[in-house]
1. Checking residue 262 against (1) more than 27 Å from residue 357 (Cα to Cα); (2) touching a residue at least 24 places away in the same chain (Cβ under 8 Å); (3) outside any loop (DSSP other than H, G, I, E, B), which test does it fail?
2. In the list 327, 315, which residue meets the criterion of being surrounded by fewer than 20 Cβ atoms within 10 Å (Cβ to Cβ) and out of contact with any Ser or Thr (no Cβ under 6 Å at 6 or more places or on another chain)?
3. List pairs: first residue in segment 277-288 and buried (at least 24 other Cβ atoms within 10 Å of the Cβ), second residue of a type in the set (Ser, Thr, Tyr) anywhere in the structure, Cβ distance under 8 angstrom, at least six positions apart or on different chains.
4. Scan segment 330-340 and tell me whether some residue there is surrounded by 17 or more Cβ atoms within 10 Å (Cβ to Cβ) and at pLDDT below 95.
5. Which of the residues that make up segment 93-115 are in contact with a strand residue (DSSP E or B) (Cβ under 7 Å, 6 or more places away or on another chain) and in a strand (DSSP E or B)?
6. When you scan segment 183-221, how many residues do you find that are among the basic types (Lys, Arg) and farther than 26 Å from residue 233 by Cβ?
7. Can you say whether residue 273 is over 25 Å from residue 373 (Cβ atoms), buried (at least 24 other Cβ atoms within 10 Å of the Cβ) and not charged (D, E, K, R), as far as the supplied structure shows?
8. Could you say whether any residue in segment 362-377 is touching a Leu at 6+ places or on another chain (Cβ under 8 Å), modelled with pLDDT of 95 or more and buried (at least 24 other Cβ atoms within 10 Å of the Cβ)?
Amino acid sequence: MKKRIPGTILLSLLAVFGLTALVALKTDVKKHNNPSRPDAGNAGLTIPAGFSAAIIADNIGSARHITVTPQNEIYVKLRGPEHGKGILLLHQNGDKAEVKMGFGDFGGTGIAVKNGYLYASSDENVYRYKLNAQNEVIDPNKRETVVEGLLNRHEHEAKAITLDNAGHLYVNIGAYSNACQVKDRTKGSPGQKGCPILDSAGGIWQFSANKLNQHYGDGVRYATGLRNVVGLDWNKQDNELFVMQHGRDQLNDLFPQYFTAKQNAELPAECMYALKKGDNAGWPYMYYDWQKHKKMLMPEYGGDGQKEGGQNAINPAAAYPGHLAPNGLLFYTGNQFPARYKNGAFIAFHGSWNRAPEPQAGYFVVFQPFVNGRPSGKWEVFADGFAGTAEQKAKGSAIHRPCGLAQGPDGSLYVSDDNKGTIYKITYKK
């Protein structure tokens with residue numbers, strides 16, 4: 001999650017009542033929104049025709065990432081332990097899910113089931129638990145440490161994880177900075193040349209998924225130049241790691257001579273990257289302008305909103321409006337949804353806090369079509385209405401905030417909310 005700046009920002013009535021399905025994002029609303037309306041029967045969500053949504057669990061704690069087993073049970077990682085338990089196992093019975101057990105005395109974000117183990121992360125370590133044939137934890141009091149001592153400077157500290165099919169574990173190490181300034185988030189402060197943060201953060205680290213008691217230094221810096229990643233998934237279609245980067249903040253606040261308040265709200269892009277070992281996404285020296293479709297030089301390093309940069313950085317696979325906070329990424333491989341969704345990506349946008357004086361935005365789940373392992377065509381809002389009313393959304397006082405995504409064995413889509421602790425289940429009826 002992005003670091004909050006202290007203080008309360010008041011929105012004008014124009015900003016509040018000007019929200020009409022992301023007009024302020026300068027996207028084509030007709031292309032990116034769907035025509036269906038919120039329905040109390042669909043858990044208050046706006047979803048495409050033919051789909052239905054249900055709240056299957058509520059008030060379970062700050063539900064971050066989730067995973068669903070082949071037996072249709074749900075493991076939930078809580079941001080902080082509830083009653084001393086940081087992992088919940090939910091048993092589904094129809095359209096309801098009840099807590100079957102809780103264990104793990106640590107908070108965090110990452111969770112995954114792979115090859116007979118449940119993997120779960122705190123903000124410093126990655127653990128695993130042995131599973132039985134039913135993918136139930138055999139002994140919740142016996143956890144194994146896979147990696148320990150991961151950097152945590154209490155900014156962008158969430159350790160999101162994913163695993164490939166070759167025995168590798170991938171962990172985000174977020175940069176503890178906005179743009180690697182000499183004085184972080186200070187007006188006019190220059191950037192640090194040769195940003196020292198990149199030695200130990202601002203990228204994705206790769207570890208062995210099967211070796212215990214690894215230390216931070218045992219990992220491989222798989223990709224660098226990534227400010228912060230919370231949503232990531234392994235794309236089995238082309239056998240490649242995909243991540244969602246949280247873009248930098250405060251262009252106008254820190255460099256008002258180059259950027260307007262409106263640009264501050266809309267830039268830079270939240271980017272999807274397809275990563276190979278050794279890739280550099282360019283942070284903190286460049287940002288991506290989704291309106292110009294160009295890599296731009298950061299103002300801390302001589303940029304003025306017009307100069308291009310990042311000549312040695314990879315291009316994003318796709319780009320989205322600024323500050324929407326992509327916290328979940330899932331490649332859909334099921335057969336329940338219509339064929340156009342197969343192998344495409346769902347993205348859970350947690351929602352903005354820093355778009356004033358424009359309305360706050362996001363708080364929805366997006367679908368990004370893919371063809372042959374790459375984004376193809378316009379992204380579209382798949383599920384909206386988590387935030388509540390338009391006014392609640394515009395003010396940033398959302399009721400629910402999407403965070404994690406998971407696919408059930410029958411192809412259903414699950415969405416977690418880390419604000420009220422709600423789990424949604426979205427299905428399609430042919």
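1. (1)
2. 315 is the lone residue from the list that is surrounded by fewer than 20 Cβ atoms within 10 Å (Cβ to Cβ) and out of contact with any Ser or Thr (no Cβ under 6 Å at 6 or more places or on another chain).
3. Once the first residue is buried (at least 24 other Cβ atoms within 10 Å of the Cβ) and sits in segment 277-288, its partners that are of a type in the set (Ser, Thr, Tyr) give 281/224; 281/273; 285/301.
4. No; the residues of segment 330-340 include none that is surrounded by 17 or more Cβ atoms within 10 Å (Cβ to Cβ) and at pLDDT below 95.
5. 96, 97, 98, 99, 100, 101, 102, 103, 111, 112, 113, 114
6. 4
7. When the stated conditions are applied, residue 273 does not pass them.
8. yes
The values are calculated or read from the model by the stated rules, or taken from the named source; none is laboratory data. Because the structure is a prediction, the values reported are computed rather than measured. Reconstructed Cβ throughout: ideal geometry from the backbone, glycine too, with neighbour counts over all protein chains shown.
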